[in-house]
1. Could you work out the local net charge near ASP45, counting Lys and Arg as +1, Asp and Glu as -1, over the other residues with Cβ closer than 12 Å to its Cβ?
2. Under the Kirkwood approximation applied to all pairs of distinct alpha-carbon atoms, what is the hydrodynamic radius of segment 1-87 in Å?
3. Once the Cβ-Cβ distance between SER12 and MET94 is put in as r, and R0 is 35 Å, what FRET efficiency do you end up with, to the nearest 0.05?
4. How far apart, in nm, are two points set 7 Å out from the Cα along the Cα-to-Cβ line at ALA71 and at PHE102?
5. Summing +1 for each Lys or Arg and -1 for each Asp or Glu, what net charge is found among the other residues whose Cβ lies under 15 Å from the Cβ of ASP55?
6. Straight-line reach only, C-alpha to C-alpha below 14 angstrom: list the aspartates and glutamates that LYS61 could link to, leaving out same-chain residues fewer than 8 apart.
7. Note the full-extension length gain between ASN30 and ARG64 as 0.36 nm times their separation in residues minus their Cα-Cα distance, in nm to one decimal.
Amino acid sequence: MPTTLSIDGLQSFLLGLGFKTPIPSYESANVTSRPLDIGRSYLADALLCILDKEDPSTIYKSIRWPNDIGAGDFFVPVPKFIHDGEEDPEDFAMDLMRKVRFLVARFTLCH
């Protein structure tokens, strides 16, 4: 088993699992000390592909931790990305979820 104590070791491990590397980089992410930041970084990258007019840092920081790490997923407050009543929040959320699932399921993140 490869060591994951360094960023290079971690990225090599993830590459072996089929993930795109390097891990998407966000200023407030610390992927070597906070493992959930790995998933958060990849999710932020997928959201950035879809919400291309948003600031990358805003997207990353909008991803919320699960209430129970063992039984939960990250969540994203949708109203943060709806500007001036452009779209119905429920329709926007469903469309966003479909697009993120499509990108993540294929590891075809765009950045």
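Please treat every number below as a calculation from the coordinates, not as lab data. Note that the structure is a prediction, hence the values are computed from the model and not measured. Here the Cβ is made from the backbone with ideal geometry for all residues, glycine too, and neighbour counts use every protein chain on show.
1. So the surrounding residues net to +1.
2. Computed over segment 1-87, the radius equals 14.2 Å.
3. The pair SER12/MET94 has a calculated efficiency of 0.45.
4. 3.3 nm
5. Net charge in that neighbourhood comes out at -1.
6. GLU27, ASP37, ASP45
7. 10.7 nm
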